[in-house]
Each structure stands twice: as C-alpha cells, then as structure tokens.
Amino acid sequence: MRSTLLLLLVFVSGAVNSAEFHISDEVLVFLHTGPSNQYRIRSNVPSGTMLTVLEHDKATGYSRVRLTNGTDGWVQTKYIDKGRSLAQRLPEVESLLVKSREVVKEQADALNLLEGDLAGANDRQAQFTAETAQLQNEVGRLKLKIDGMDETNLMGWFLRGGALALGGVLVGLILPLLPKRRRRNNDWF
C-alpha cells in the first residue's frame, strides 16, 4: 500500500512539473524559505512571474517552486495559476484585437460597397420594370392599331370591290341604252 502511494505521489509530482504555472495576476507574493509564513521571506514575487512547481504540501497549503532566474522557495498554492499569465497573453490579445478591428473595418467597407451596388441594382431594376411596362403598353396599343387597320383595309377592299361591281352593273345597264352608231356602207372595212 505504501509503495503504491509513493508511486502515485511520484507520478502526480511528475505531472505537476510538466505544466506551465505563474503567480496569479493582481497580487504580490512572498517567496519563503520553507512551507509556511513562519519561514524567512526570500524575495517578493510579482504577479505574472513564470515559475516551475516542484512539489505541493497540502498540509500547509504551500508549494515549492523555482523561478525562471533559478531561485527556489515556497509560496502559497492558492496564488499559483496554471498556464501563462495575463501580462504575457495581453500583447497577443491586443494584436488579435487590432487584426480583428481591421477585418471588421474591411468587412464594413465591403458591406457599404455591396449595399451601394444593391441600391444601384434596385434602381436599375425599377427603371427596367417601368420601361418594360411602357413597352408592353406600346405593344398593346400597336396591336389594337394593327387590328383596326386590318378591319379598315378589309372594309376598304370590300367597298372598292362593291363599287367596281356596281360600276360594272351600271355600265352593263347603260350601254345597251345608248344609241348605236350607224355603220357606213363602205366595203373597205
């Protein structure tokens, strides 16, 4: 049982050593020479300082750490956060924010351009719709005119034909009534 607990402790301490840690943001922590505040203070550790956790003492709530300059000591575990500090991440976030703002500005400009194009297209569509309606009215008017012309032409032909037939009948009736010319008695013809 003891050997299993010892193996588990070695495994957990190995896992603790492999991760990045830092002092919590917004605090100033004291680095002690032992695992409590009863030990001498070795130095101040500002927030955001990167460190390596060497071991945890759950009984006292302290962890033994090594700073990036090689100094070892103990700090309260509650002031240690996993990962990189906000001070280290802030420049990256600010850079991403600047890039995001540029993208948003480019997209807003593109959107304004597209909205202008859409308004122009809508105006052209309205103009084409009005022209189409006007042309359809003109086509309808011309069809009526053509239909009227066909009837007028038909009536004109009918009247001309009737007049010609009437003229033929009149000529046929009048010609026999006209006096006949006398023929000469000339045998030459």
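A cut-off of 5 Å between modelled amide H atoms, ignoring neighbours fewer than 5 places along the same chain, links TYR62 with ASP57, THR77.
Other residues with beta-carbon under 14 Å from the beta-carbon of SER36 carry, at +1 per Lys or Arg and -1 per Asp or Glu, a net charge of +4.
Net charge around THR71, counting only other residues with Cβ within less than 14 Å of its Cβ (Lys, Arg = +1; Asp, Glu = -1)? Don't jump to the answer; show the numbers that get you there.
Details: positive: ARG40, ARG42, ARG64, ARG66; negative: ASP72.
Counting the neighbours of THR71, the net charge comes to +3.
Note that the range 74-89 has calculated 3J(HN,Hα) couplings of 10, 9, 5, 4, 5, 9, 9, 10, 7, x, 7, 7, 4, 4, 7, 7 Hz, one per residue in order, obtained from phi through the Karplus relation 6.51 cos²θ - 1.76 cosθ + 1.60 (θ = phi - 60°); glycine and proline are x.
Calculated on the Cα set of the range 15-133, radius of gyration then Dmax: 28.6, 95 Å.
Quote to one decimal, in nm, the extra length available between ALA110 and MET149 on full extension: 0.36 nm per residue of separation minus the C-alpha distance between them. Walk me through the numbers on the way to the answer.
Values: separation 39, 0.36 × 39 = 14.04 nm, distance 5.69 nm.
Stretched fully, the ALA110-MET149 segment lengthens by 8.3 nm.
Treating r as the C-beta distance of LEU54 and GLU92 and R0 as 35 Å, the FRET efficiency rounds to 0.80.
Count charges around TRP157 for me, please; just the other residues with Cβ under 13 Å from its Cβ, Lys/Arg as +1, Asp/Glu as -1. Each step should come with its number before you reach the end.
Details: positive: ARG160; negative: ASP150, GLU151.
Counting the neighbours of TRP157, the net charge comes to -1.
Using the alpha-carbon centroid of each, what span in Å lies between the range 128-161 and the range 59-88? Distance between centres, Cα-based: 97 Å.
What per residue convex hull volume, in Å³, comes out for the range 88-154 when only alpha-carbon positions are used?
Details: hull volume 3.6 nm³, N = 67.
Spelled out: Cα convex hull of the range 88-154, divided by residues, is 54 Å³.
Distances between placed amide hydrogens fall under 5 Å for VAL45 paired with VAL29, PHE30, LEU31, all partners being 5 or more residues away or on another chain.
Bear in mind that the values in this text are calculations on the coordinates, not laboratory data. In this text the structure is predicted, and so the values were computed from the model without any measurement. For neighbour counting, all protein chains shown are included, and Cβ atoms are generated from backbone atoms with ideal geometry for every residue, glycine included.
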